[in-house]
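Encoded as C-alpha cells, the structure appears first; notes follow it.
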Amino acid sequence: MLCGGIILSFKATLDRIENRIAVLLIRPEESTKVCIPLSLLPEGSKEGDILNIDIAKDMPGKENAKTRAFTLFNDLQSKD
C-alpha cells in the first residue's frame, strides 16, 4: 500500500507485448509510450486492454530509504 496520496491517475492501452515487456500507450493521445515488465500488469492482460494506472508518492518509504542509507554510510565510516 502506498502512502502519501495518489498524485496522478490515467489510462493506457496495452499496445503490444515484446519479450515479456508490456508496451503501453498513454491515453487519450496514445503518443507517449511506457514499457514495463508484463509481470506488473494484472494477470490475463492482453493486447488491446485499457488499463487504469495510479501513481503515488510513498513519502514514508522515501524517509526510510534515506535513514537506511545514512545508517549504512555511518557504519562504513566507523569501520575505518
* Scan 24, 40 and give me the residue that is surrounded by fewer than 10 Cβ atoms within 10 Å (Cβ to Cβ), modelled with pLDDT of 95 or more and among the hydrophobic types (A, V, I, L, M, F, W, C). => 40
* Answer residue from region 48-63, given it is under 23 Å from residue 38 (Cβ atoms) and of a type in the set (A, V, I, L, M) and is farthest from the chain's Cα centre (by Cα) among those -> 50
* Is one or more of the residues making up region 43-63 free of Cβ contacts under 8 Å to residues at least 12 places away in the same chain and either surrounded by 14 or more Cβ atoms within 10 Å (Cβ to Cβ) or in a helix (DSSP H, G or I) (or both)? -> yes
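The values are calculated or read from the model by the stated rules, or taken from the named source; none is laboratory data. From a predicted model like this one, the values you see are computed outputs, not experimental measurements. Glycine also receives a Cβ, built like all others from the backbone with ideal geometry; neighbour counts cover every protein chain displayed.
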